[in-house]
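To start, the structure under review is shown below, and the notes come after it.
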Amino acid sequence: MKQKTFIVIAALAISWYGCRKKDGLENLNCSSIDCCYTSSVKEIIAANCLSSGCHGNGSANGNLSTYEGLLVRVDNGTLSKRVLEQKDMPTGGSLSLEDQKKIKCWLESGAPKN
């Protein structure tokens with residue numbers, strides 16, 4: 001009986017983990033995604049992070065209103081961690097999959113100021 005219970009629990013855990021990993025960001029082909037800072041990423045940040053007052057100029061939460069301010073979060077890994085992995089930023093994880101793809105591709109290209 002214990003062996004059957006273990007097998008069922010293991011199968012459920014594997015199934016849950018497999019579903020959780022499929023978020024549309026794995027094996028992403030960035031060749032057709034506009035991931036420029038000035039035309040994509042800056043607009044995403046402005047619409048989702050600055051408008052709420054959370055990460056604007058002078059914010060105690062960090063200033064993402066400039067490339068240099070955003071680069072601090074890129075360099076320490078918190079942008080990727082909070083937006084793409086934990087998906088708790090912006091608050092409530094409300095960033096669309098398309099915007100997540102743009103940010104991921106921008107990060108993978110070295111987060112240039114382009």
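Read-outs throughout are calculated quantities, based only on the coordinates presented, and are distinct from any laboratory measurement. Quick caveat: nothing in here was measured; it's all calculated off a predicted structure. FYI the Cβ positions are ideal-geometry reconstructions off the backbone, even for glycines, and counts take in every protein chain you see.
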Using the charge dipole of segment 20-114 (Lys, Arg: +1 at Cβ; Asp, Glu: -1 at Cβ; taken about the Cα centre), state which of TYR37, SER94, SER59 has its Cα farthest towards the positive end. SER94
Determine the shape class of segment 39-114: with a ≥ b ≥ c the square roots of the Cα gyration tensor eigenvalues, call it rounded for a/c under 1.5, and otherwise prolate if a/b is greater than b/c, oblate otherwise. rounded
A chain fully extended from LYS87 to VAL72 at 0.36 nm per residue, minus the present Cα-Cα distance, gains in nm 3.5 nm
Per the rule of 0.36 nm per residue minus the C-alpha distance, extending ALA60 to ASN114 adds in nm 16.7 nm
